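The values are calculated or read from the model by the stated rules, or taken from the named source; none is laboratory data. None of these values were measured; they are calculated from a predicted model. Cβ placement follows ideal geometry from the backbone for every residue including glycine, while neighbour counts extend to all protein chains displayed.
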Amino acid sequence: MTRRIPGPGKHASTMKLLPQSEKRDKHKSYPSFSFKYFQSDHPKFNVEEKETKYFLKLITRLADLSGVPVQEIRTSQNKTLRCHTIHWAETTETGLGIPDEEQIVDEPWQFSTSTNAHGRVMGFFIDNVFYIVWLDHNHEVYS
């Protein structure tokens, strides 16, 4: 029998072990985040000099969003999240600049890291995976 460490406030005897297929079904509508196409060396969106506080905010936002269904994120009118598609004509960029972008990216998206102070996360969805490409911490994509 597999022993599990109980989560906060849960006693081990009350925990239910879910079969693998049920675990997948339970989480399939929630997002995952990938840094596969992350451009850490982009001149505008370089985060080398950012303080630890910035990354803590970013990780907290990603963790919070991991518990919200993708469809809800995409349709949210929440002013703090500000999640919406990116219209390149309104920005300083012409695209994300990743290889084979036309074949990979249906629509570029962005959401706020927090209320104004920590910028935006920019990337795209493929199914329920959000691929993070840029961290626009200084709000430069619309400058």
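Screening Pro108 with (1) buried (at least 19 other Cβ atoms within 10 Å of the Cβ); (2) closer than 15 Å to Phe45 by Cα gives one miss only, at (2). Considering the stretch 74-110, the residues that are at pLDDT 90 or above and hydrophobic (A, V, I, L, M, F, W, C) include one that is nearest to the chain's Cα centre (by Cα), namely Trp109. Scanning the stretch 111-128 for residues that are more than 24 Å from Glu51 (Cα to Cα) and surrounded by 15 or more Cβ atoms within 10 Å (Cβ to Cβ) turns up Phe124, Phe125, Asn128.
Take the stretch 96-115 and flag every residue that is aromatic (Phe, Trp, Tyr) and either free of Cβ contacts under 8 Å to residues at least 40 places away in the same chain or touching a Phe, Trp or Tyr at 6+ places or on another chain (Cβ under 8 Å) (or both). Break it down stepwise before answering.
Restricting attention to the stretch 96-115, the residues satisfying the condition of being aromatic (Phe, Trp, Tyr) are 109, 111.
Passing the criteria: only Trp109.
From the list Lys57, Lys50, pick out the single residue that is modelled with pLDDT under 90, outside any helix (DSSP H, G or I) and either surrounded by 13 or more Cβ atoms within 10 Å (Cβ to Cβ) or acidic (Asp, Glu) (or both).
Numbers: Lys57 fails: outside any helix (DSSP H, G or I).
Checking each option against the conditions leaves just Lys50.
Only one entry in His139, His118 is without any contact (Cβ under 8 Å) to a residue 24 or more places away in the chain and part of a loop (DSSP other than H, G, I, E, B), namely His139.
Taking each residue of the stretch 30-59 that is over 13 Å from Gly97 (Cβ atoms) and free of Cβ contacts under 8 Å to residues at least 24 places away in the same chain and looking for partners that are assigned to a loop (DSSP other than H, G, I, E, B) and small (Gly, Ala, Ser) with beta-carbon atoms closer than 8 Å, six or more apart or interchain, yields Asn46/Ser40; Glu48/Ser40.
When each of Glu101, Glu93 is tested for being more than 18 Å from Phe35 (Cβ to Cβ), out of contact with any Pro (no Cβ under 6 Å at 6 or more places or on another chain), surrounded by 11 or more Cβ atoms within 10 Å (Cβ to Cβ) and charged (D, E, K, R), the lone residue that passes is Glu93.
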